[in-house]
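One structure is given below, encoded as structure tokens.
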Amino acid sequence: MAESISEGTLKQFSKQVGDYVELDEEIATIETDKIDVAVNAPAAGAIKEFLANEEDTVTVGQDLVKLETGGPAPEGGAQKAKSEPDSPASSAQETSSQPQGQTEQAKSSPPPKQESTPEPSKPAPKPAQEASKPAPKPAPSPKPSTSESPKPAAPGAREERRVKMNRMRLRIAERLKQSQNTAASLTTFNEVDMSALMNMRSLYKDEILKKTGVKLGFMSAFSKAAILAMKEIPAVNASIEGEGSGDTIVYRDYVDISIAVATEKGLVTPIVRNAEQLDMVGIEREIANLGKKARDSKLTIEDMAGGTFTISNGGVFGSLMGTPIINLPQTAVLGLHAIKDKPVVVKGEIVIRPMMYLALTYDHRLLDGREAVTFLVKIKEMIEDPRKMLFA
């Protein structure tokens, strides 16, 4: 796993004892505080034993599965090899180094006899305790995710349920609380008329989709406007580093935008790197790719490492206004909200316009109110007249 990860929770075995697996075929899934990591077979062979149970905390380098390699694949490909007895010790391979005592205990099991179908609900055997049993049992059936909502109680019942937080939720809670305790957070608001941007999108979205295959949205426009506004207020893209609460300001000539994406397990922030080098279509393409990877649980550590500025769009869930929390060590986060038709005054007349509230939460240690408000107003002006982005 990545250098920043030392342990995780073994969430599920995707195979059972006796299954034949091909090289690099997924065997199990480990949940970390950032992403889910697939455990793939280091070689083709038959699974002889599980060396850990589901929901166990496992560390980098720990043995998880014992494979018997060297034999031919059974007919039909990767399927159960129940008819094959345990091979001699010389053909056993483990995913990493295992104490010799456990290896010998696991190998001392006699070959399986003709048995009835084992009960899948029983837990996987442990090497030190189950060596004397006739044969290893299959992996337990997948346990329900602790993040799933409990079933509703019967009417009138006053039940309580305690569900352990998954690693990602624990890490999110830790990071958010760290941000509140470290940054001098302050939020400034503004209101933007979305008419011009919505008209531009309706004019060109079909042409862009046909030409590039990219669905043009609003995130790319706000990303581009923020990047251009950073030219005037570069501290928005900076961060505070150093001992204690920090004594050094780091300014950057590149912009890596973290895009907040809600998944079933929690909020993740994949990054559009070097966004200042991309046009709106390129930014939209990257956002779409990262969003798909997040929903499919295919994000890697590299997809989320770093980031210099965050955009969070609560409007997709109907949020009218909110105060986003800074993603440390960044200095600011831009919050987008729902578009609502409202009566506004334009040139002395009351008209109905699609309006959106913008929120910028910033670290007052680095940004003063003047810079933060100026930055947000610049974004507002470019969204209300997208042509200005051509000359910025």
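The values are calculated or read from the model by the stated rules, or taken from the named source; none is laboratory data. None of the values given here were measured: they were computed from a predicted structure. All Cβ positions, even for glycine, are placed from backbone atoms using ideal geometry, and neighbour counts span all protein chains on display. Surface accessibility is based on the protein's heavy atoms, side chains included, excluding ligands, DNA and RNA. Shrake-Rupley method; radii C 1.70, N 1.55, O 1.52, S 1.80 Å.
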What tally of residues in the stretch 170-201 results from selecting those that are more than 18 Å from Met389 (Cα to Cα), open to solvent by 70 Å² or more (accessible area, probe 1.4 Å) and free of Cβ contacts under 8 Å to residues at least 12 places away in the same chain? 3
May I ask you to list the residues in the stretch 283-320 that are part of a helix (DSSP H, G or I), touching a Ser or Thr at 6+ places or on another chain (Cβ under 9 Å) and touching a residue at least 24 places away in the same chain (Cβ under 8 Å)? Ile283, Glu284, Arg285, Ile287, Ala294, Arg295, Ile301, Met304
Could you check the stretch 263-278 and list, in sequence order, the residues that are open to solvent by 30 Å² or more (accessible area, probe 1.4 Å) and either outside the structural domain of Val214 (by the TED database) or modelled with pLDDT under 95 (or both)? Thr263, Glu264, Lys265, Leu267, Thr269
For Tyr251, which of the numbered conditions (1) farther than 20 Å from Ala372 by Cβ; (2) open to solvent by 70 Å² or more (accessible area, probe 1.4 Å); (3) without any contact (Cβ under 8 Å) to a residue 60 or more places away in the chain fails to hold? (1)
Hits in the stretch 331-365 (condition: surrounded by 17 or more Cβ atoms within 10 Å (Cβ to Cβ) and at pLDDT below 95): none
How about the stretch 58-80: which of its residues are modelled with pLDDT under 85, among the charged types (D, E, K, R) and not in a strand (DSSP E or B)? Glu75
Flagged in the stretch 328-383 as assigned to a strand (DSSP E or B), under 14 Å from Ala235 (Cα atoms) and out of contact with any helix residue (DSSP H, G or I) (no Cβ under 8 Å at 6 or more places or on another chain), in numbering order, are Val333, Thr361, Asp363
For Thr212, state whether it is open to solvent by 50 Å² or more (accessible area, probe 1.4 Å) and in contact with a Lys or Arg (Cβ under 9 Å, 6 or more places away or on another chain). yes
Select from the stretch 9-54 the residues that are farther than 22 Å from Ile301 by Cα, of a type outside the set (S, T, N, Q) and assigned to a loop (DSSP other than H, G, I, E, B) and list them in ascending order. Lys15, Val17, Gly18, Glu22, Leu23, Ala43, Ala44, Leu51, Ala52, Glu54
Hey, any hits in the stretch 282-297 for a residue that's farther than 27 Å from Lys210 by Cβ and of a type outside the set (Phe, Trp, Tyr)? yes
Which count do you get for residues in the stretch 199-237 that are more than 21 Å from Gly291 (Cβ to Cβ) and aliphatic (A, V, I, L, M)? 8
Of the candidates Ala294, Ala229, Ala238, Ala260, the one satisfying the condition of being out of contact with any strand residue (DSSP E or B) (no Cβ under 8 Å at 6 or more places or on another chain) and open to solvent by less than 40 Å² (accessible area, probe 1.4 Å) is Ala229
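Rundown of residues vs (1) open to solvent by 60 Å² or more (accessible area, probe 1.4 Å); (2) modelled with pLDDT of 85 or more, yes/no style:
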| residue | (1), (2) |
| --- | --- |
| Gln12 | yes, no |
| Lys15 | no, yes |
| Ala28 | no, yes |
| Ala43 | no, yes |
| Phe50 | no, yes |
| Asp56 | no, no |
In this structure, does Ala2 turn out to be at pLDDT 80 or above and either out of contact with any Gly (no Cβ under 7 Å at 6 or more places or on another chain) or closer than 22 Å to Lys298 by Cα (or both)? no
